[in-house]
Amino acid sequence: VAADLTADIFVAALEAAGQYDAKRGAPAAWLYGIARNVLSTHYRGSAREQHAVARLNGRRLLDEEDIAALDERIDAERAARELTERHAELIEPLRAVLELVAVDGLTPREAAQALGLNTTTVRVRLHRARRALRTAHPPVTDRTDPTGPATSAARAERTLEVVS
């Protein structure tokens, strides 16, 4: 840094040599004035840089993997909201069976016992509930995704697999 600043001082002195007036002072004083101006410009720039670094301190810049992970989380949230809406639209008997099996983790046989129903009835209702969740609405399309509905349909299918 010292060598760069020294070089900058002499470049500034050579550029301003035509403006030097011997009546205003000694050449050394003139050169010190130029040095002071170059150094103050350098320190102002350093202070701005340190201030910018301090503002960014503790923050991490996102790379492409982070952005992709955020996109996936946003898409998953969208699919989960849509699935919740579809779930709310189910009729009560289908919703009750689906909640016992998918949310509470019961087997269809255990759900049948809890509801006082036949196991076959529970399996039919579970099938109907899953089918209704898949077909209640068209899949949400990702506006930023060039592959469009196919990718969104795949995400919705993965979400439905979690429910299954």
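The values are calculated or read from the model by the stated rules, or taken from the named source; none is laboratory data. What you are looking at is a predicted structure, and each value in this text was computed from that prediction instead of being measured. Just the protein is used for accessible areas: all its heavy atoms, side chains included, with ligands, DNA and RNA removed. Shrake-Rupley method; radii C 1.70, N 1.55, O 1.52, S 1.80 Å.
Computed values, structure above
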| item | result |
| --- | --- |
| Every residue from the stretch 90-123 that is open to solvent by 60 Å² or more (accessible area, probe 1.4 Å), of a type outside the set (Ser, Thr, Tyr) and assigned to a helix (DSSP H, G or I) | Glu92, Glu99, Val103, Arg109, Glu110, Gln113, Ala114, Leu115, Arg123 |
| Boolean, Glu82 is open to solvent by 100 Å² or more (accessible area, probe 1.4 Å), in a helix (DSSP H, G or I) and among the charged types (D, E, K, R) | no |
| Search result, residues across the stretch 30-58 that are polar (S, T, N, Q) and open to solvent by less than 100 Å² (accessible area, probe 1.4 Å) | Asn37, Ser40, Thr41, Ser46 |
| Hits in the stretch 14-54 (condition: among the hydrophobic types (A, V, I, L, M, F, W, C) and not in a helix (DSSP H, G or I)) | Ala16, Ala26 |
